Structure formats: C-alpha cells, structure tokens
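The values are calculated or read from the model by the stated rules, or taken from the named source; none is laboratory data. Computed from a predicted model, the values in this text were never measured in an experiment. Neighbour counts are summed over all protein chains in view; Cβ atoms, including those assigned to glycine, are modelled from backbone coordinates with ideal geometry. The protein model used for the area step is the full one, side chains on, heavy atoms only, and it has no ligands, DNA or RNA in it. Shrake-Rupley method; radii C 1.70, N 1.55, O 1.52, S 1.80 Å.
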Amino acid sequence: MRWLGLYARSRYVPVAVAAVPLSIVLLWWLGESFWVPEFAVLTLTMAIAIAAIGLGGQDVDLDRTAGFGWLSRRLAHLLLIGVLAGLALLAVQQLGDVRVDVSMVVRDGAGLLGLAGVAAVLFGGQFGWTLPLGMAVIALSTPEGLTVNDVMRWPMMSTDDALSWWLAGALFVLGTGWYTVTGARR
Amino acid sequence: MVNALRTELRRTIALWLAVLMAAVGLVFFFSFTGPWRRDSSAWGLDAPATAQWTRYLLLLVWPMVVGAGAIQGMRDSRSGVSELFASTSRPAGHRALTLGLTTGIGAVVGYLVLLAVGFVQVAVNGGMFTLASLMPVVLGLLAVLAGVAIGLGVGRLLPHPVTAPALAVLALVAVMFLEVSSGHGGDADGLLPNWVALLSAAQEQPRSAFLVPSAAVDTGQFLWFAGLIGTGLLLLVMRSARARLLAVLPVVAGLVGAAVVLPASAADNLTPDKAASELVCDGSVCVEKLHEDWLPTLAGPAKEALRLLEKLPQHPVRVEESTEGNNTTVTPRRDPELVLVKKDDTYTILPGTQQAGYLTGHDLTMALLKGAGTPPCEGLSYSHPEEEAARRVMAYWLAGSATPPPLHEHEYKQVPGLMQSAWTALHAQPEPEQLARVAAARQLQLSCQGDPLTALLGGAH
C-alpha cells in the first residue's frame with residue numbers, strides 16, 4: 001500500500017482526482033442546455049487530458065531502477081484513466097435528460113486514451129495531454145463532408161460508422177501498447 | 001541578443017508551434033469542404049474575407065497557442081532551475097522577455113504563414129486587396145500574442161503540470177462557448193450579451209465578402225487583447241506577490257474599456273468595407289467594386305428584368321448588388337426603387353443540368369424577377385412554399401410566359417400545386433385585374449406583411 005501511495009503522489013493522482021470531477025461537472029453545467037456529442041467529447045477529452053499529466057514520474061531514470069516490472073503497472077495506470085474518465089462522464093450526464101450513447105463514450109475514450117499514450121511516449125508524461133486535446137480541437141472544428149473530414153472527426157461520427165471504430169481501435173492499440181512497452185519519454 | 005534569441009528558438013517549442021499552427025490551418029482550409037470554400041466570401045478569393053477567415057481559424061489554433069505558452073512559461077520550474085537562475089545577477093526580466101519574445105515570434109510566424117498563403121491565393125485569383133482587411137490582420141496577431149502572453153504568465157505563476165492542459169482546455173471551452181452563444185451576426189442576439197461574445201480570440205465566420213468588423217468592434221477587441229498581453233507579461237516578469245497582484249490591472253482595464261466600446265447589439269458588429277463596396281455601374285445596373293468582373297454577366301439579364309418590370313405601375317428602376325451577408329435568420333433589406341441581388345444567391349443548380357454554377361442569361365433574368373424584383377421575406381424561401389410559389393408565379397407572369405413556372409427537381413412538395421392553382425386563377429382574370437393583383441403581391445413583398453399568394457388568388461390582402 002505504501003508503494004501505491006507514493007506512486008499515486010508522484011503521478012499527480014490527488015490533483016487529477018480533484019480537478020477531473022470538478023471540471024466535468026462545470027462543463028456539463030455550462031453545456032447542459034445543449035448537451036450534444038460536441039460537449040460530451042470536449043468533457044471526455046478534458047478528463048483524459050488532465051489525468052494524463054501523470055503518465056510520467058518525477059524522474060523516469062530513477063523509476064526504471066525499481067526492482068519490479070513496469071509493464072503491467074503502466075498498462076493499469078493508462079486503462080484506469082480511461083475507465084474513470086468514461087465513468088465520470090456517464091455519471092454526470094445521468095443528471096440531465098439528454099445522454100450520449102455508452103458506445104460513443106467507449107469508442108472516443110479508447111481512441112483519446114491511445115493518443116495520450118502516444119503523446120507521453122513522444123513528448124514525456126507531462127505532455128500526455130497534448131495529442132488528445134489537439135485531436136479534440138480538430139474533430140470539433142471539422143465540418144461534415146468528405147471522407148477526409150470523417151477521418152479527422154472520428155470522435156464525432158455516429159457509432160454506426162465502422163471507420164471511426166477502426167481508427168479509435170488502432171489509436172488505442174498503438175497508444176496503450178507503445179506506452180506499456182516503452183513508458184514515458186525521459 | 002540575436003544570439004540568445006537563436007539559442008532560445010532552438011531550445012523552445014516556438015518553431016514547432018509555428019509549424020503546428022500553419023499545418024493545422026492549411027489542412028483545415030485546403031482539405032475540408034466548408035463555408036470557407038464556397039460563396040464569394042471564400043478564403044483566398046478576396047483579402048477582406050481571407051483575413052477574417054484566418055482569424056476565424058483561431059477557434060482551433062488559439063487553445064494550442066495558449067497551451068504552448070503555458071508549457072514554455074513553466075520551463076524553468078520543470079527543469080528545477082528556478083532557484084539557480086534566481087541566484088544569478090542577471091535580472092529575471094531579461095530571461096523572461098527572451099522567452100516571451102521567442103514564443104511570440106513562433107506564434108506570429110505561424111499566423112503570418114497562414115495569412116500569406118491566403119493572400120497569395122487572393123493574388124492568384126485576381127482578388128481585391130483593401131485597406132479594411134488590415135484590421136482583422138492586426139487583431140488576429142494581437143489575439144495570438146495575447147494567447148502566448150496569458151499562457152506564459154499563468155504557466156510562470158502556477159508551475160504545476162496540470163496548469164498547461166487546464167489552461168488549454170479552458171481556452172478551448174472559452175472560444176467554443178463564445179462561438180456557440182454569439183448572435184451570429186444577425187439581429188437576434190445570442191445567449192450571452194453581444195459584447196461578451198465579441199471578447200473571443202476567434203471571429204465569427206464572415207458571411208459576406210463586403211462586411212468587415214466595425215470600428216467599435218476593432219477598438220474594443222484591441223483594448224481587451226492589449227489588456228491580456230499586459231497581464232500575461234507582468235505575470236511572467238514580476239516576482240513579488242504584490243507586483244503579481246498588480247498584474248490584474250491591465251486585463252481589468254482592457255475588459256472595462258471593451259465593455260464600454262464594444263457594440264451592445266449584434267446588428268452593429270459589421271460594417272461595409274468602403275473600398276470593396278463602392279458601386280460600379282453599367283447604366284442602371286450596379287455591382288460592388290469587389291465583384292466588378294460579374295457586371296458583364298449581370299448587366300444584360302438585369303436590364304431585361306427592369307424592362308419587364310416596367311409593366312407594373314410602381315416599378316424598380318435600378319438593379320444593385322446587395323452588401324448584406326448570407327444569414328437565413330434575417331429578413332433581407334428591400335427597397336421599392338431597387339432590385340437587390342446577392343451574387344451568392346445566383347449560385348445554384350443550373351436549370352436543365354445537374355451542375356451548380358452562377359446563373360446567366362435568361363435564367364438570371366427569371367431569378368431577378370422572382371417576387372417582382374423583391375427579396376423573399378422569410379430567410380429560407382423553401383420552408384415557406386406559399387411565398388415561394390407566389391414569387392415564381394409573379395416572375396413568369398412578368399416575363400409574359402404562356403405556361404406556368406416549370407417544376408424543379410427536389411422541389412418542396414407543396415410548391416408545384418400552389419403555383420398551378422395561382423397561375424390558373426390569375427389568368428382567368430382580365431388583363432387589368434391580373435396587373436393589379438401582381439402589383440398588390442409586390443407591395444406585400446415590400447412590406448412583408450400579408451400573404452402574396454392570397455393576393456394573386458384575389459383574396460383579401
């Protein structure tokens with residue numbers, strides 16, 4: 001348990017635990033009157049982005065001297081971020097009349113989580129938020145239209161759309177796999 | 001100084017920021033279809049709209065700029081060298097300003113690349129450059145710098161890893177929320193007071209090639225962005241708690257100034273660009289300077305339409321291009337002396353073909369004659385089949401057609417039947433009565449009170 005406590009502190013879990021619910025409730029309150037996929041994606045992105053700052057520790061080199069395997073721990077950490085962000089969103093939207101599909105939350109959460117993993121590997125744990133947020137910005141501002149548009153706005157597509165599931169799945173596998181194996185950039 | 005800057009440019013993400021901004025912007029403008037590709041206010045067609053579209057793009061880019069500023073702002077504390085640098089004799093302000101300058105240069109370069117690509121396209125397309133496009137450029141650059149400054153300042157003030165994502169998300173939420181809650185340039189005001197919506201770094205999408213933000217909007221936004229920049233820089237440079245408290249002064253001053261200056265009603269947000277909307281005439285047919293090359297297309301059909309309209313007792317005497325924006329929620333302006341036409345409204349599926357294009361010749365004449373030379377009262381004519389049917393019957397009657405207006409493909413279901421009955425009822429009457437009914441219908445379209453179809457059918461009006 002002592003390990004878990006220290007780990008949680010070095011991965012900014014207390015901050016995330018305070019900031020994520022607070023910001024989710026705030027955004028939901030702002031967007032409640034027009035709760036649409038746009039706001040759901042934005043809320044989910046924000047939760048993942050804020051929690052993703054903990055994907056790297058204070059000192060990556062020091063971490064690696066530990067006498068245990070990091071693989072399962074990294075994987076668990078990343079997946080936990082996704083699960084908690086998704087659950088928080090699903091919980092808060094129960095307060096209102098309009099709800100976004102669970103399948104959409106699963107798809108978008110998985111894809112954005114993968115992007116967080118990729119960002120952590122490429123730029124470092126503190127910048128795990130950059131790619132999910134960048135993706136959300138692009139997805140939210142791309143209008144409907146050609147196939148190129150659909151690729152860029154996969155988080156906004158209907159859940160019937162196979163392409164969006166493939167893209168989200170690919171990002172998820174790439175991000176979680178890469179992060180689990182390599183860890184955050186030092 | 002130059003050396004220090006060069007080192008900083010290599011060491012910071014400033015260059016990456018420029019690349020990111022340009023890449024995101026160019027992908028957005030070139031690979032996606034959207035209103036920036038259509039209409040006469042498209043990106044890259046004329047300078048005023050191009051400058052405004054580039055500022056509209058800040059909707060995507062501004063959160064990135066703010067996030068990048070925050071990442072840079074907390075660089076020292078992230079590397080754990082704050083104390084080390086505090087112990088050197090070099091004033092902290094110097095280092096902070098070099099950092100600010102580099103990040104600012106990165107953001108400005110990114111924005112200017114986008115503008116340059118847009119303006120090169122304007123030149124290639126033979127578009128018009130006007131002085132009024134300068135203000136959106138200046139304000140766009142100021143908005144970008146304000147994003148950098150706020151990011152740097154807050155990053156320096158609160159150097160926690162969560163600051164950067166929180167600030168970037170906050171910026172995104174702010175621009176998006178201001179965008180959805182603005183009045184969209186119409187008479188109807190949005191969720192928020194108009195002046196609050198105007199505080200956004202991003203601008204609403206331009207809906208007309210001629211309209212540019214009014215002087216009040218420019219001044220107010222200038223004050224607001226200047227305040228943001230001042231606060232960001234003070235937060236970056238100041239070290240003591242008291243000095244940091246003073247840093248709120250510029251942004252508060254900017255906000256107060258903006259609140260005083262910015263227009264209270266969305267109707268005052270835009271004003272015609274004088275250079276672009278100067279009239280160029282061929283006899284009784286006038287277009288705006290910006291669309292001078294459209295005049296030869298318009299002149300012949302427009303004169304023909306005016307000649308046919310002379311049948312009516314009170315008929316318009318000139319055809320003029322309207323400077324109004326494309327806004328389906330606003331009733332277009334009308335003038336008994338003028339036939340007002342928007343170039344974008346003549347872009348449609350060409351009759352008898354499957355292709356879209358600008359109407360020419362006889363088709364253009366018929367379009368001008370719709371409603372006997374009046375604009376529709378309801379913004380979206382196809383959702384009001386009675387009005388649409390009446391307007392087309394009036395056009396075909398004026399043109400002296402022997403047959404009722406033809407049916408279009410993808411027609412709103414009620415329109416054909418309504419046109420047929422109005423046509424039959426109208427032609428059952430003697431010639432003077434027909435004329436009186438069409439003239440009455442035109443008056444109704446000019447006042448927008450009453451149903452022109454009833455007038456054609458001879459009912460009470």
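Applying the selection to segment B:293-323, what residues are under 29 Å from B:LYS274 (Cα atoms) and in a loop (DSSP other than H, G, I, E, B)? Scanning segment B:293-323 gives B:HIS315, B:PRO316, B:VAL317, B:SER322, B:THR323. With the requirement that a residue be outside any loop (DSSP other than H, G, I, E, B) and either outside the structural domain of B:ALA305 (by the TED database) or touching a residue at least 40 places away in the same chain (Cβ under 8 Å) (or both), what does segment B:327-347 give you? Across segment B:327-347, the qualifying residues are B:VAL341, B:LYS343, B:ASP344, B:TYR347. Residues of segment B:49-67 that are under 17 Å from B:ALA166 (Cα atoms) and more than 9 Å from every other protein chain (Cβ to nearest Cβ): B:TRP62, B:VAL65, B:VAL66.
Selection over segment B:14-58 of residues that are touching a Pro at 6+ places or on another chain (Cβ under 8 Å), in a loop (DSSP other than H, G, I, E, B), surrounded by 19 or more Cβ atoms within 10 Å (Cβ to Cβ) and not hydrophobic (A, V, I, L, M, F, W, C) gives a count of 1.
Restricting segment A:135-155 to residues that are outside any helix (DSSP H, G or I) and open to solvent by less than 30 Å² (accessible area, probe 1.4 Å), the residue that is farthest from the other protein chains (Cβ to nearest Cβ) is A:ARG153.
Against the conditions (1) closer than 23 Å to A:SER33 by Cβ; (2) of a type in the set (Asp, Glu); (3) at pLDDT 90 or above, B:ASP218 satisfies every one except (1).
In segment B:246-274, the residue that is most open to solvent (accessible area, probe 1.4 Å) out of those that are small (Gly, Ala, Ser) and in contact with a Phe, Trp or Tyr (Cβ under 9 Å, 6 or more places away or on another chain) is B:ALA264. For segment B:174-195, filtered to residues that are at pLDDT 80 or above and more than 14 Å from chain A (Cβ to nearest Cβ), the residue that is least open to solvent (accessible area, probe 1.4 Å) is B:ASN194.
Report, by residue number, each residue of segment B:157-173 that is open to solvent by less than 50 Å² (accessible area, probe 1.4 Å) and either of a type in the set (A, V, I, L, M, F, W, C) or modelled with pLDDT of 90 or more (or both). Scanning segment B:157-173 gives B:VAL162, B:THR163, B:ALA164, B:PRO165, B:ALA166, B:LEU167, B:ALA168, B:VAL169, B:ALA171, B:LEU172, B:VAL173.
Residue-level analysis places A:GLU38 among those that are acidic (Asp, Glu) and within 21 Å of A:PHE172 (Cα to Cα). Of the helices (runs of 4 or more DSSP H) contained entirely in segment B:142-259, those carrying at least 3 residues that are within 16 Å of the chain's Cα centre (by Cα) fall at B:163-180, B:215-237.
Quick check: anything in segment A:158-174 more than 14 Å from chain B (Cβ to nearest Cβ) and open to solvent by less than 20 Å² (accessible area, probe 1.4 Å)? The answer is yes, given that some residue of segment A:158-174 is more than 14 Å from chain B (Cβ to nearest Cβ) and open to solvent by less than 20 Å² (accessible area, probe 1.4 Å). Looking across B:GLU310, B:GLU292, B:GLU324, one residue alone is over 30 Å from B:SER133 (Cα atoms) and either at pLDDT below 90 or surrounded by fewer than 18 Cβ atoms within 10 Å (Cβ to Cβ) (or both). It is B:GLU310. Mind checking whether some residue in segment B:315-336 is closer than 23 Å to B:HIS427 by Cβ and either aliphatic (A, V, I, L, M) or more than 21 Å from the chain's Cα centre (by Cα) (or both)? Scanning segment B:315-336, I find at least one residue that is closer than 23 Å to B:HIS427 by Cβ and either aliphatic (A, V, I, L, M) or more than 21 Å from the chain's Cα centre (by Cα) (or both), so the answer is yes. From the list A:LEU79, A:LEU89, A:LEU84, the one residue that fits, being within 23 Å of A:TRP165 (Cβ to Cβ) and buried (at least 19 other Cβ atoms within 10 Å of the Cβ), is A:LEU89.
Just wondering, is there one or more residues in segment B:355-364 that are crowded, with 19+ Cβ neighbours inside 10 Å, in a helix (DSSP H, G or I) and modelled with pLDDT under 85? For segment B:355-364, residues crowded, with 19+ Cβ neighbours inside 10 Å, in a helix (DSSP H, G or I) and modelled with pLDDT under 85: absent.
For segment B:65-86, the criterion of being under 23 Å from the mean Cα position of the chain (by Cα), under 23 Å from B:SER200 (Cα atoms), modelled with pLDDT of 80 or more and assigned to a helix (DSSP H, G or I) is met by at least one residue.
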